[in-house]
Amino acid sequence: MGKLLFVGVTCADVVINVDRLPRTAQDVVVYGQRMTLGGCAFNAFAVAHALGEPAVLFSPVGTGAFGDFVRKGLAAEGVPVLVENGSMENGCCYCFVEPDGERTFVAYHGADYHYEPAWFDALDMDEIDAVYVCGLEVEDPTGPVVVEFLERCCADKTICFTPGPRPDAVPLDLLERVCDLHPVLHMNGDEAMVLAGRLCGGTAPCAGDGESPTRDCGREGADPAADSEVREMSGAACEGVGADASCAFGDVPSAVAALRGRVQNTVFATLGSEGCYFDDGSRRGVVPGVATRVVDTIGAGDSHIGALMVGLHRGEGPEEALARANRVAAAVVATAGAHVDPELIRAAAQ
């Protein structure tokens, strides 16, 4: 069995607990703060690493206090730094957490978001089976370098692409190029509706499917009850995503069906505590979530895709892999910060 490759950010998460986010020019008092390892790629990798799956983390690490923090943290985890960028300061993410556990990110992108083509030459792609990439890296100025790497070295690999929390900000031409590689897609329900609006244009069918998303929702093998449940939860306008996003798809099943037709691969859309909706072209439905007490939601989606990739890499079907991913994500949101004790990850994955 080959390895999973995680391409993306490792940074310092500065977690700041507040009663509420301040308005402009308003003062609020912080009642707790801590700094942990974070970043979408690292969070996903850490789950695979905890579960004993062969995995490689490809994260540039820069200079400065945050670079030193990341470097020391990775060393403590036994994770090698494959790319040292001595000319740029490492970034960080300020994670403001309110009492209900919801998080708001203010990110400083530094060396952790910068890529050079030659750096990828150090990777032995013959030992890689699947590759993780996030849209946040594709959105940044060196995003074309990441996409060119996927096109040049990963066409015969399983690519797992998560558009990230800003699917409306990723350049459309780069999104199209990634989708042309037939990736597995993973995102939350709101992000799926925005992404489908951008890539598939309203309710028109996507190329390769020959069916409209609405009609596709009723095809043989579908779970009408599950589809109805998802529509009820997701029929409102897209909240929490860019206000100028094209939200042409009003429900998750239609958006997921359209995206599946576009990439010709499985699409996963997480639904918070309700679980995760998936469509692989022959099966679809919701794999229920796990009830838990939410401490904060930092890293919930990252841990979910990390556990999901492990299950798929082991040859599990989407239902079995999602059941584990849902349990792992529930354990992460029940813990402060995204960087969870590996023992908790392993226990949740059982």
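All of the numbers you see were taken from the coordinates with simple rules; none came from a lab. Predicted model, so just to flag it, every value in this text is computed and none were measured. With ideal geometry, Cβ positions are generated from the backbone for all residues, glycine too; neighbour counts draw on all protein chains shown.
Would you be so kind as to identify which of N90, G101, V79 lies farthest towards the positive end of the dipole of the range 22-134, taking Lys and Arg as +1 and Asp and Glu as -1 on Cβ and the Cα centre as origin? Of the candidates, G101 comes out farthest on the positive side. Distant-in-sequence amide contacts of L271, defined by a placed amide H-H separation under 5 Å and a gap of 5 or more residues or a different chain, comprise C276, Y277.
Remark: the range 17-96 carries a charge dipole of roughly 180 debye about the Cα centre, counting +1 on each Lys and Arg Cβ and -1 on each Asp and Glu Cβ.
In this structure the amide hydrogen of T335, modeled in the peptide plane, comes within under 5 Å of the amide hydrogens of V295, D296, none closer than 5 places in sequence on its chain. What FRET efficiency would be calculated for the residue pair E84, S282, taking the C-beta separation as r and a Förster radius of 41 Å, to the nearest 0.05? That gives a FRET efficiency of 0.35.
Each of M125, G110, G8 was placed along the dipole of the range 1-131 (beta-carbon charges, centred on the mean Cα), and the one lying farthest toward the positive end is G110. A simple spin-label model places pseudo-atoms 7 Å from Cα toward Cβ; at A122 and R314 they are separated by 3.1 nm. Over the range 144-205, one equal point on each Cα, no solvent: what is log10 I(q)/I(0) by the Debye formula at q = 0.21, 0.26, 0.29 Å⁻¹? Summing over Cα pairs of the range 144-205 leads to -0.86, -1.20, -1.36.
Taking a ≥ b ≥ c as the square roots of the eigenvalues of the Cα gyration tensor of the range 1-96, is the shape rounded (a/c under 1.5), prolate (a/b larger than b/c) or oblate? Cα axes put the range 1-96 in the prolate bin. Expressed as a whole percent, the proportion of Cα-Cα pairs in the chain lying more than 38 Å apart is 11%. Starting from the alpha-carbon convex hull of the range 49-164, give the projected area averaged over all orientations, in nm². So the Cα hull casts an average projection of 8.5 nm². Estimated at 0.36 nm per residue, the fully extended path between R177 and R152 surpasses their Cα-Cα distance by 7.8 nm.
Across every direction, the projection of the convex hull enclosing the Cα atoms of the range 298-350 has a mean area of 3.1 nm².
Take the alpha carbon atoms of the range 1-77, find their center, do the same for the range 92-135, and report the distance between the two centers in whole angstrom. Centre-to-centre (Cα) distance: 9 Å.
Between D19 and R293, the modelled label-to-label distance comes to 2.2 nm, taking each label 7 Å out from Cα in the direction of the beta carbon. Only helices reaching 24 angstrom along their own axis (Cα) with mean Kyte-Doolittle hydropathy no lower than 1.0 count here, and not one DSSP H run of the chain does. What would the Debye equation give as log₁₀ I(q)/I(0) for the range 1-46 at q = 0.20, 0.26, 0.28 Å⁻¹, counting only Cα atoms as equal point scatterers? Computed log10 I(q)/I(0) values: -0.75, -0.90, -0.95. What you get for the range 253-321, charging only the Cβ of Lys and Arg (+1) and of Asp and Glu (-1), is a dipole of about 180 debye around the Cα centre. Counting only trypsin sites (Lys or Arg not before Pro) that sit in a DSSP loop (anything but H, G, I, E, B) with at most 11 other Cβ atoms within 10 Å, what is the longest stretch of the chain containing none of them? No qualifying site falls inside 24-292, the longest such stretch.
The spread of Cα positions in the range 106-147, taken along each principal axis and listed from longest to shortest, comes to 36, 20, 15 Å.
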